[in-house]
Amino acid sequence: MERPILKNKIYLYLTEFFAGMSVMAVELGASRLLAPYFSSSQIVWTIIIGTIMIAMALGNIYGGRSSDKDPNPDRLYKRITIAAVWIALIPVVGKYIIIGISALIVLTVNTNFLIIAAFAACMIIFVFPLFLLGTVTPSLVKYTVDSLDDNGKVVGNLNASNTIGSIIGTFVPTFISIPSVGTSITFLIFSGILLILAFIYFITGRVKSKTAIVAAILYVISCIFGHSNSFAFWNSDLKVEDESVYNYLQVYEDDNRVVLSTNVLFGVQSVYMKERSLTGMYYDYAMAAPFMSGIYTKDRPLDVLILGMGTGTYATQCSRYLSDMNIEGVEIDEKITDLAREYFELPESIKVTTYDGRAYLQGLSDKKYDVIMVDAYQDITIPFQMSSVEFFTLVKDHLTDDGVMVVNMNMRGEQKGDINKYLADTIAAVFSEIYTVDVGYSTNRELFASNNPNLLNAFAGNIEMEDDIELMGMMNTVSDNLVKYEAGDNVMTDDKAPVELLGMKVIDEIIKEEVADFKEEYGGMSISEIIESDVF
C-alpha cells in the first residue's frame, strides 16, 4: 500500500529511534514501578530485563512474519498506537495490578513469593506493549529496503537509529525525567512521543483510523488520572512522596515521630523522635557501639562514621544521648540528605558526604574512627560491594585499635546458611570479636565487631558510668542479650557474594510467617469467597 511518508527514510529512521528510546524508558520505568513493592535488587532487574527480552524476541518474530504476509504499514503504526496507549495506562492501573497479583501469589504459593509476583507483574504489565514495539524493526526493513544493493546499509542504519534511541532512552529517564517529574509522567511522556509519531503517519497518509481516535481519548484520560506519582495510593497524608536517581522516597509524620521509607512501602529506614526519647528500634541497640569502644576512658571526643546515613537517625540519637562525639556520614542519595535537613532536623554541623560507602573508604578518607556504623542494607537490596571480606577489611583499616564496627542486619532469619550467617561469617574472617543481639519486636539483628579482646569489659564498665536511666536500661538490655558469634566458613568475596538470593530466602520465611494465620483461616476458600467474606 503506497504511503508517501514512507518514501522519506528519515521518518522511518525516526520511527526506529523513538521505538528504541521508548523501550528503554519503559524498562527503567518498570524498575521504578516495581521497586516500592518488590525492592530494586538485582533479582528484580533480572526479571525486568528477562521479560522485556522475551517480549522483544517474540515481537521480532511476529513483526517479520506479519510484514511478509501482509506488508501494509497501517498495521505497524496501529501497533505502535496500541503500544503507546498501553504504556500511558500503566500509571493508571499498574500499581493496582501489582497489589492484586501480590495478594493472589501470597495466597496460592508457598515459596519464592517475590520472584513469582514480580515476574507475573512484569509479564502482565510490560510484555504486550514491548512485544508490539518489537515488531517495529522487521516491519521497517520491509518498507525501507529498495534493493539487494543497499539492504545492508539500510538495515545497519535502522539498527543504529534504534540503538541511539535506546542509549538516549536510558539516560533521559534516569537523570532527567524520573527525578524531575516522576515515573508516572515519564511513562506519559514517552507514550505521547509514540502517539505523535503514529498520528503523523495517519494524518499525512490521510488514513482514517478509529484506533487513533480511541487512542487519543484514552491518552487524555491517562493524563488526567495517571499523572500522580503516588505509589502508596491508600495514604493521603504523606508529607513527601518523591523519587530520586536512586530511590522512591516517602516521608510521613505523626504526633511522636517523622519517618522515611525508601523503595519498600512498608519499611522504616529512618525515624526522628520529636521528643528526646529512644526510638524503640535498632538505632537504640546500635548505641552500644560507642560504649564498647571506651567512650568514658578517652581524653578526646569519639570519631564516628556512618555508612548509609539515611536521614541521620543514628547520628541524631548519638548526639542526644552521648556527648563529645564527632559524627560524619556517607549517603549516596543527596535527596535523602536534603530531606534529613528539612524534615528530620539533622544539624548542619554533622557533615554528610554524597558518595558510595565503600568508595568513600577506598579513596576519600584516610582517617581512623572509633565507631563505624554500617547501615546500607535494605531488605534484599544489599549492595554486594559492601558485604564482602574486602569491604570489611577496609572498615577494619579505618578503625582505631579498640574501635568497633556495628552492622545493622535487617532480615533476621533462622535458616541454615541465611544472609545474616553469611554476613557474620564474612565479618568473622576480618574481626576476632563478634557479638550479635536481636532487636526486640522486629526482624533486625545488630552485629558488633572489633579486634579489641577487652570489648565486653569496656562495655560493662562504661554502662555503670551512664547516668541516663533510659539509656542505661537500653544498654543493659543489649548486654543481657549479647551472643558471641561462632563463625562458620560462609565467606563472601567481591567475586562471589550472592546476597540477593540469600536475602530472598529470608523474605520468603518472613512472608510465610506473616500469612500463616490468614492461610489457615481462608486457605480452603476460593478467591470469590474470600472477597465476599468479612476479610475485606
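The values are calculated or read from the model by the stated rules, or taken from the named source; none is laboratory data. Bear in mind the structure is a predicted one, so any value in this text is a computation, not a measurement. Neighbour counts are summed over all protein chains in view; Cβ atoms, including those assigned to glycine, are modelled from backbone coordinates with ideal geometry.
Which of the residues belonging to segment 90-102 are under 14 Å from residue 126 (Cβ atoms) and surrounded by fewer than 20 Cβ atoms within 10 Å (Cβ to Cβ)? Steps first, answer last, please.
Of all residues in segment 90-102, those under 14 Å from residue 126 (Cβ atoms) come to 90-91, 93-95, 97-98, 101.
93, 97 - these are the residues of segment 90-102 that are under 14 Å from residue 126 (Cβ atoms) and surrounded by fewer than 20 Cβ atoms within 10 Å (Cβ to Cβ).
Given the conditions (1) closer than 24 Å to residue 92 by Cβ; (2) in contact with a Gly (Cβ under 8 Å, 6 or more places away or on another chain), which single one is not true for residue 139?
Failed condition: (1).
Quickly run through segment 103-114 and pick out the residues that are touching a residue at least 24 places away in the same chain (Cβ under 8 Å) and either buried (at least 20 other Cβ atoms within 10 Å of the Cβ) or not in a helix (DSSP H, G or I) (or both).
Quick first cut of segment 103-114, residues touching a residue at least 24 places away in the same chain (Cβ under 8 Å) only: 104, 106-107, 110-114.
Residues satisfying the conditions are 110, 111, 112, 113, 114.
Say we look at segment 381-408 and pick out the residues that are touching a Lys or Arg at 6+ places or on another chain (Cβ under 9 Å) and of a type in the set (Ser, Thr, Tyr); which of these is farthest from residue 443 (Cα to Cα)?
400
With (1) crowded, with 17+ Cβ neighbours inside 10 Å; (2) on the phi > 0 side of the Ramachandran plot as the list, and residue 345 as the residue in question, which single condition is left unmet?
Residue 345 satisfies every listed condition except (1).
Tell me, please, whether a residue that is farther than 24 Å from residue 189 by Cα and of a type in the set (A, V, I, L, M, F, W, C) can be found in segment 84-99. Talk me through it step by step, then tell me what you get.
Of segment 84-99, the ones farther than 24 Å from residue 189 by Cα are 99.
Those left that are additionally of a type in the set (A, V, I, L, M, F, W, C): 99.
Looking through segment 84-99, at least one residue is farther than 24 Å from residue 189 by Cα and of a type in the set (A, V, I, L, M, F, W, C).
What residue, of 14, 76, is under 26 Å from residue 210 (Cβ atoms), hydrophobic (A, V, I, L, M, F, W, C) and surrounded by fewer than 16 Cβ atoms within 10 Å (Cβ to Cβ)? Even if it seems obvious, please write down each step before you answer.
Numbers: 76 fails: surrounded by fewer than 16 Cβ atoms within 10 Å (Cβ to Cβ).
Every option except 14 fails the conditions.
Residues of segment 288-303 being buried (at least 24 other Cβ atoms within 10 Å of the Cβ) and either modelled with pLDDT under 85 or under 19 Å from residue 440 (Cβ atoms) (or both), which ones?
288, 289, 291
Kindly check whether there is at least one residue in segment 155-169 that is loosely packed, with under 15 Cβ neighbours inside 10 Å, in the same structural domain as residue 94 (by TED's automatic domain parsing) and closer than 30 Å to residue 91 by Cβ.
Taking segment 155-169 and keeping what is loosely packed, with under 15 Cβ neighbours inside 10 Å, we get 156, 159-160, 163, 167.
Now narrow it down to the ones that are in the same structural domain as residue 94 (by TED's automatic domain parsing): 156, 159-160, 163, 167.
Now restrict to residues that are closer than 30 Å to residue 91 by Cβ: 163, 167.
Checked segment 155-169: at least one residue is loosely packed, with under 15 Cβ neighbours inside 10 Å, in the same structural domain as residue 94 (by TED's automatic domain parsing) and closer than 30 Å to residue 91 by Cβ.
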